[in-house]
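**Q** My questions will all concern the structure given below.
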Amino acid sequence: MGGSGGNGATLNNLRRIGGLYLFKPPYSKITAIDMNRGEILWETPIGNGPRNHPLLKGLDLPPLGDAIERLGVMVTKTLVFVNAQRLDSVGRNVPPPWKAWGDPDMDSKLLYVFDKQSGALIREIQLDGLSAAIPMTYTVEGKQYIALAIGGGENAEIAALSLP
């Protein structure tokens with residue numbers, strides 16, 4: 001996964017052939033590791049990636065992961081919450097290079113929810129603005145909530161979602 005460090009090395013500026021990156025997908029993913037045994041429990045891509053690219057025509061591909069520059073992950077007892085952002089060098093949200101081929105665009109206004117044990121995607125939640133921070137959780141009168149800072153500048157707000 002690319003970073004936004006001072007050297008400018010990000011996924012979006014790596015070499016591509018016909019718009020496809022030169023390395024094997026997934027282009028972004030999260031990985032669950034059993035820290036006691038040092039074993040990978042599961043891995044899952046974040047986003048669909050260029051599955052409709054003309055060079056991949058006829059292939060039945062799973063999600064390939066999206067070009068993500070910043071990832072925020074929060075783990076609860078049973079769920080993993082992920083907010084992902086694809087940003088340019090000055091922090092603006094940008095479309096992936098493969099949007100031109102009709103692939104579904106990973107909307108940076110999504111909060112992904114995964115099952116903690118299996119890594120299965122449970123839900124994608126549409127937010128009102130770009131997520132500006134890692135999700136957080138709190139409990140009020142026995143009910144659990146997930147909160148995120150979204151938007152920026154004068155439009156910044158905290159969005160809170162309740163768990164069933």
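Throughout, read-outs are computed from the coordinates displayed, never taken from laboratory work. Predicted model, so just to flag it, every value in this text is computed and none were measured. Cβ atoms come from the backbone with ideal geometry, glycine included; neighbour counts cover every protein chain shown.
**Q** So how much slack lies between residue 161 and residue 122, counting 0.36 nm per residue of separation and subtracting their Cα-Cα distance, in nm?
**A** 12.5 nm
**Q** Can you tell me which lysines have their Cα less than 24 Å from the Cα of residue 116? Leave out same-chain residues fewer than eight positions away.
**A** Once the sequence-local lysines are set aside, what remains near residue 116 is 29, 77, 143.
**Q** Between residue 145 and residue 61, 0.36 nm times their residue separation minus their Cα-Cα distance comes to what?
**A** In short, 26.7 nm is gained.
**Q** Taking the highest mean first, how do the peptides 26-34, 77-85 order by number of other beta carbon atoms within 10 angstrom per residue?
**A** Those peptides, ordered most packed to least, come out 77-85, 26-34.
**Q** Listing 23, 114 from the residue with the fewest other Cβ atoms within 10 Å to the one with the most, what is the order?
**A** Exposure proxy ranking, most exposed first: 23, 114.
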